[in-house]
Structures are given as C-alpha cells and as structure tokens.
Amino acid sequence: FRHHECNVLVSTRVLEEGIDVPQCNLVLRFDPPTDYRSYVHSCGRARGHDTFYFHLITKMQEKSFLCDMATYSAFQQVLVSRCGSVEVGTDVEVMAEEANGAYPSYLTPANTAVTMASAIGLLNKYCAKLPSDTFTRLTAMWEIEENEDSIGSYCCRIMLPINSPLKGTIQGPWQEKVSLAKMAAALECCRSLHQIGELDDQLQPVGKESMKLDDHLCAPPADDQVPEGMPRPGTTKRRQYYYKKVAECLTGEQPKEKLDLFVYKLDMVLTCPIPDEQNTRGRKIYRPEKSTRSFGIVTTKPISQVSGFPVFTRSGEVVVHVRETGRREQFTQDQLAALQCFHKFTFTHVLRLEKYPIKFDPTNARTAFYIVPLNK
C-alpha cells in the first residue's frame, strides 16, 4: 500500500496511531469509536483535503452513535475555539534576533549565509538527503554539556549519521542557553559540511539531483527524454528490467584439481565503530583486524586491482581491501571439496541466501570462485 502496489488496506485499530499511513482518499470504519481519543485518531487517517471518512453501523447502533457524534462534535468545537486561532507571538522573532546576534553567521563565496536561526533546519535537511532506505530517518545526534565552573553555560556536540563523510564529533562554542548552544554547534557543522563539499555555495546539499552532466564532457543519452504522459524513471509506476552481470574475472571454469588458482585475501579494518548512543542493544563491537582469521577468494582468473571500499556492519564502518597473496595454489580434490563445503555453508546457513527457486549448483553456475577461510 505504501509503494502503491495495492490501493486497499484493511487493518485493526492498531493502525489508528503510531504508524504512518500514506494519504488516503477514503477511510471506512467498521466499528464505532469507543471514545473521543479513538475517534480523533481514526479521523487522522483521513487528513487529506478531498478525503471522505465514513462510519459503518447497524440500525440498532444508530441512536447511541448519533449521541456520541454530537458529544465528539461539541468537544471539537471547544478545542478549536481554545486553540485554533492562536497566533505565534513576537517572542519567536525576538528569539531569532537574539540567536543571530549571539554568534556570527557563515558566508559562502556566493554571498549565501547560514545563521544561528537557520542552521538546525539546514542540518536536518542535509541529513534527510543522505542515502537510506524508505524505513530509515537519518538524524544527527545531539549531546549537551553544562559547564561545572560557570553556571548557565552550555556546550553542544553533534555527531552526524554514519554514512556522512563528515566524521567525528563537532563541538560548538559555549553559550548561555541550551537552545543557543545547539544552534551554534549546528552552525559549525554546516560550516564544516560546506568546506568538505557536502554543501554547495548556495548551501544546498550536494545530492544526485544537483549533479548535472557537462555537455562538453559527456552528452546526455538520447533516450533520456521522457515522452509526455509517460511515468518518469525511478518512480513506482515505471519498472525497467535489466540483466544482472558478473565481473569477467569471476566467471568461467570452476576451480579444479591440479589447476593453478589465484588466492586473494580480504583485509577488513573497522574504521568508525558505532557509537554507544546508537548501539541500543549493547552488541559487542567486533574488530575484524584483530581476528586471527579472515576471508579469502579463490578464483581461476586474476582479479584487477580494486580500491578499498566501505561496508557498514552492526559494529560500524568497515573498510575492505582485496589483496593478492602473491602466489598461485594447486589443491587436491579433497581440499576443493572442503572449500566448496565452506562456501556453501556460508551462503546457505549463515547468510541464508539459498531460497526457492535459488539452488546451490556450482557445476552450472556462471561464477567460478569460492569464498574460503584464511589464517593470518
């Protein structure tokens, strides 16, 4: 329903609150609400401008239901009369002026400035642009410290999500209020993001939508033009199928007896452990560089040099380097059978990738390599 693959969703009362549901244009409630709280939450499912909200009741429930609806309507009128016309006071504007005067703003070469009042919003916008799946909401982590020697003095530290290139903790200057300390730290964070190129001179996050092809270097493909009325690429209404390909060095003949095979080791180093604040389950941090064993690749063809790349595990960011051992090996039939057994166990029982219709069949597979254990 969220990805628009179906347009009808049937649920129990648990969906009234706590779960975000995309905008609906028709909401039907089968059972009358038990109280005003339940009524308000179910109405919240029909928050669209042109949305219809209906109750389905029996003939015997009509009298009591209309009485309850009259009571709920009276409640709503009282609440709206008390809260609906409340305007934002001038103290908000005064707070913004006070914040901007407490710490100088940051100006880019394009004369675009980020102030104390706008820094937190810009930082949240940057975090929202970081790559993530649809179920993850990336936010910065804030830590407030009070100065023990000076009463009424606060300092804020910010740590960005793990997939941001800006690593470490950003600390802002000491301020007289907690709100000012958070703004100052956010301003320092925005300054650092601009200096490393994560924010452009217009102080906009540098994402995929801001990267344009240079016509002089690479002309855009002719098939990039989307006909009028057709769904755009990347949307759920347009599905484009493609063939999966395997690197040439990992295809071909299976490792066999008396055949010179290439052995590569996977050097893994934990470069950025997950902070304690994000390790909510208290998992033990695993450092692969301290282990006496590692993984390797046995293949019949040489692998081209590959630069180090990061992977993100439950322990944090791990940088992986594929390095050649410097020699070619020949294995007996029993050794190859053991390597194949380890390879199958890893992908079948550990990673659990052998699911119908996928079947482990190395003799007919296009890939020609084994994942093997290595002693350091």
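Over the residues of the chain, the helix contribution to mean residue ellipticity at 222 nm works out to -7500 deg cm²/dmol, using -39500 (n - 2.57) for each DSSP H run of at least 4. Extending 7 Å from the Cα toward the beta-carbon at both Ile371 and Glu143 defines two label points whose distance is 3.4 nm. Given +1 at the Cβ of Lys and Arg, -1 at the Cβ of Asp and Glu and no other charges, the dipole of the chain around its Cα centre is 1980 debye to the nearest 20. Annotation: lysines with alpha-carbon distance below 30 angstrom to Lys355 (same-chain offsets under eight excluded): Lys237, Lys244, Lys245, Lys256, Lys265, Lys284, Lys301, Lys344. If you take the alpha carbon atoms of the stretch 99-208 and fit the smallest convex hull around them, that volume is 100 Å³ per residue. Cα-based values for the chain, radius of gyration first and Dmax second, are 29.5, 88 Å.
If you plug the beta carbon distance of Ser132 and Arg323 into 1/(1 + (r/R0)^6) with R0 = 35 Å, you get a FRET efficiency near 0.70.
Kirkwood hydrodynamic radius, computed over distinct alpha-carbon pairs, for the stretch 248-375: how many Å, to one decimal? Write down the numbers at each step before the final one.
Details: mean 1/r = 0.0610 Å⁻¹.
Computed over the stretch 248-375, the radius equals 16.4 Å.
With K and R counted +1 and D and E -1, the other residues having a Cβ less than 10 Å from that of Val322 yield a net charge of 0.
Please list 183-193, 272-282 highest first by mean number of surrounding beta-carbon atoms within 10 Å per residue. If you can, show how the numbers build up before the last one.
On the way: 183-193: 23.2, 272-282: 11.2.
Taking the mean over residues of other Cβ atoms within 10 Å, the ranking is 183-193, 272-282.
For the chain, calculate the relative contact order in percent as a whole number, restricting contacts to Cα pairs under 8 Å that are 6 or more residues apart. The partial results should precede the final answer.
Details: 492 pairs, mean separation 40.3, N = 376.
Relative CO of the chain lands at 11 percent.
At full extension, Leu259 and Tyr72 could sit 59.2 nm farther apart than now, given 0.36 nm per residue minus the alpha carbon distance.
Relative contact order, whole percent, for the stretch 99-208 stands at 28, derived from Cα pairs under 8 Å and 6 or more residues apart.
Using bins of 10 Å that start at zero, the share of Cα-Cα pairs per bin across the stretch 230-287 amounts to 13, 19, 14, 33, 19, 1, in whole %. Under the criterion of Cα pairs below 8 Å and six or more residues apart, the relative contact order for the stretch 98-156 equals 18 percent.
Axis of helix 333-345 versus longest Cα principal axis of the chain: the two differ by about 0°, to the nearest ten degrees. Excluding same-chain neighbours fewer than eight residues apart, the lysines reachable from Lys125 by a Cα-Cα span under 17 Å are Lys182, Lys208.
All of the numbers you see were taken from the coordinates with simple rules; none came from a lab. Quantities reported herein were computed from a predicted structural model and do not represent experimental measurements. As a convention, Cβ positions derive from the backbone with ideal geometry for all residues, glycine included, and neighbour counts pool all protein chains shown.
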